[in-house]
Amino acid sequence: MNLIPAPYEFKQGVGYYKLSDNPKIKSEFDLLLVKLTKSDKADILIKKADLPDEAYTLDVSKGGIEITAGSEIGAYYALQSLRQLSGAELGESSVPICSIYDKPRFSWRGLQLDESRHFFGKDVVKKLLDMMFMMKLNVFHWHLSDDQGWRIQIDKYPKLTEIGSKRKYTQIGGWQSKEILFEKHEGFYTKAEIAEIVSYAKERGIMVVPEIDFPAHSASAIAAYPWLACREIETEVPGYFGSIIPERVEHNRKWNRTICLGKEKVLQFVFDVIDEVCELFPAPYFHIGGDEAPTNEWKKCPCCQKTIKDNVLKNEKELQGWFNNLVLEHLRGKGKRLIGWNEILEAGNLDKSVIAQYWTPQRDRNAERHVNSGGNIIMSKHQSFYFDMPYAQYPLKNTYCHSLQSYGVMPENIKNVLGVEGENWTEWTADSEKLELNLYPRVQALSEVAWSRPESINWQDFLSRLDKFTPYFELFNTNYASLDVAMQKSKIKRAKIQKLFYKGDPNYEVKLNNMLKQKGEK
Ligand code: ACM
Ligand code: ZN
């Protein structure tokens, strides 16, 4: 069976059905993305049935192909499966006689892209959405603001993009490097462009969830509006990444990452921004970030301290919890739920209805307690789902062979896990070549662990299907990591690549991969 993700049920018959070059499709659904025929002599017949939203059946017999689905997206997923089974785009034409019943394991099958650290633009996003569609992934988590760039038009606060979307320089060479590229980096999405992407995604069954980071990772917004911070000082959009700032570098002395939680005007700003963002994204979720929030500014700020006192809060963590609860209530009024990275659970006063996205590499008892006591989480543990990390550190198998139990979810509480999501942070990813290397084939592994039931997870079987899938990367002109890179065998090489990632050359695997591919072609 040439199919990723593995279907729920697959019964193979004897023989093959020969698909014509231009198969006629007749459908009871109005499928905008495929050409349909009205003729009764269709090769593929799609019927409506009483099935869950994304489920479908696919029956391939000698006489033709019949699909049933409960919704348009179910019908599209059936066609996506048929696409891989037939290999039509790869010059094949035989579909095995088979009968499939398919449905997803998780409702949240996500992929994130950080466009703050590097801005890619809508063509890259659409190409990503196309691959997500093929792999039956259904949530695009769009990281649109961070310290190093604000990437979404907000009418009420135009400086967010006028100032906040531009930076003068960028740190290169890895987390521990002090190398700087003195080149302007800028870009943002207008509201019309956002609407275009949201609509493109929706047609493909993909919900777009925006992430706008407050109260931390807000340096670009603070550069635009200095009054957002506790101390009102002029700052610029930083080109450094991470929280350890190299000393003695002129640019970064006034680094300031958190907004003030004690000023009425700042809270109004947050709600105004959220209101405008929510207008653009119909998804019933909003991601506030909330990770890595330093408390030092709040500790020294009279306004923040007054808020703590007035609201009888224990400390600065509870100040963030109080803020998150305000946002959560505001979103509730719009029928939306709040998502934040798992650190937000450090606030003891946080509302239980929050969704925690569990990312930290180290074990987090708060996240475990949350999911094991009925709270919802999205699983994005660093070791398995941080696609920005080198394969030398987190090989492909980490994504495919993770276990929710080993990440602290009790078997009876797996129902509280909305799903899994791969993260593409882009501090060290400045172009599509690197982005795609990191993504593929991790996305194929992600797709299977998100969609297929645990009984179908089989590493060797996956590898053999991945081998059959690889020609699609070539066909789509998409970069991908060869297994020599994605599953680097040499411990010495892995150690070397990891070292280079932190200091020296974070793009080493791109070069190695290209070199190995060229060798293979010779
Ligand atoms: C994160 O990677 N700080 C969510
Ligand atoms: Zn303050």
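The table below gives the values:
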| read-out | value |
| --- | --- |
| Contacts under 8 angstrom Cβ, first residue in the stretch 423-441 being among the hydroxyl-bearing types (Ser, Thr, Tyr), partner within 14 Å of ligand 1 (Cβ to nearest atom), 6 or more apart | Thr426/Leu113; Thr426/Asp114; Thr426/Ser116; Thr426/Arg117; Thr426/Asp388; Thr429/Arg117; Thr429/Asp388 |
| Matching residues, the stretch 370-390, being among the charged types (D, E, K, R) and more than 13 Å from ligand 1 (Cβ to nearest atom) | none |
| Selection count, the stretch 82-107, where residues are buried (at least 24 other Cβ atoms within 10 Å of the Cβ) and either under 24 Å from the mean Cα position of the chain (by Cα) or in a loop (DSSP other than H, G, I, E, B) (or both) | 1 |
| Lys306 vs. criteria among the basic types (Lys, Arg) and either outside any helix (DSSP H, G or I) or in contact (Cβ under 8 Å) with a residue 40 or more places away in the chain (or both) | yes |
| Elements of type helices (runs of 4 or more DSSP H) contained in the stretch 403-521, each with 2 or more residues being modelled with pLDDT under 95 | 508-521 |
| Residues located in the stretch 137-164, provided they are charged (D, E, K, R) and surrounded by 24 or more Cβ atoms within 10 Å (Cβ to Cβ) | Asp146, Asp147, Arg151 |
| Matching residues in the stretch 279-304 - criterion: being buried (at least 17 other Cβ atoms within 10 Å of the Cβ) and within 16 Å of ligand 2 (Cβ to nearest atom) | Ala293, Glu297, Trp298, Cys301, Cys304 |
| Any chance Gly290 is within 16 Å of ligand 1 (Cβ to nearest atom), part of a loop (DSSP other than H, G, I, E, B) and modelled with pLDDT of 95 or more | yes |
| Conditions (1) touching a His at 6+ places or on another chain (Cβ under 6 Å); (2) within 14 Å of ligand 2 (Cβ to nearest atom): number failed by Ile308 | (1) |
| Residue count, the stretch 418-441 (criterion: closer than 18 Å to His141 by Cα and either within 16 Å of ligand 1 (Cβ to nearest atom) or over 17 Å from the mean Cα position of the chain (by Cα) (or both)) | 10 |
| Candidate set: the stretch 51-78, residues that are touching a residue at least 24 places away in the same chain (Cβ under 8 Å) and surrounded by fewer than 17 Cβ atoms within 10 Å (Cβ to Cβ); chosen: the one nearest to Arg204 (Cα to Cα) | Pro52 |
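Per-residue answers, yes or no, for (1) over 22 Å from Leu313 (Cβ atoms); (2) among the charged types (D, E, K, R); (3) more than 16 Å from ligand 2 (Cβ to nearest atom); (4) in contact (Cβ under 8 Å) with a residue 24 or more places away in the chain:
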residue: Arg337; (1), (2), (3), (4): yes, yes, yes, yes
residue: Ile355; (1), (2), (3), (4): yes, no, yes, yes
residue: Gln362; (1), (2), (3), (4): yes, no, yes, no
residue: Asn366; (1), (2), (3), (4): no, no, yes, yes
residue: Val371; (1), (2), (3), (4): yes, no, yes, yes
residue: Gly374; (1), (2), (3), (4): yes, no, yes, yes
residue: Met379; (1), (2), (3), (4): yes, no, yes, yes
residue: Gln383; (1), (2), (3), (4): yes, no, yes, no
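For (1) hydrophobic (A, V, I, L, M, F, W, C); (2) under 27 Å from the mean Cα position of the chain (by Cα); (3) modelled with pLDDT of 95 or more, each residue gets a yes or a no:
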site	(1), (2), (3)
Lys178	no, no, no
Ala223	yes, yes, yes
Trp227	yes, no, yes
Pro238	no, yes, no
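The values are calculated or read from the model by the stated rules, or taken from the named source; none is laboratory data. Keep in mind that what you see is a predicted model, and the values were worked out from it rather than measured. For neighbour counting, all protein chains shown are included, and Cβ atoms are generated from backbone atoms with ideal geometry for every residue, glycine included.
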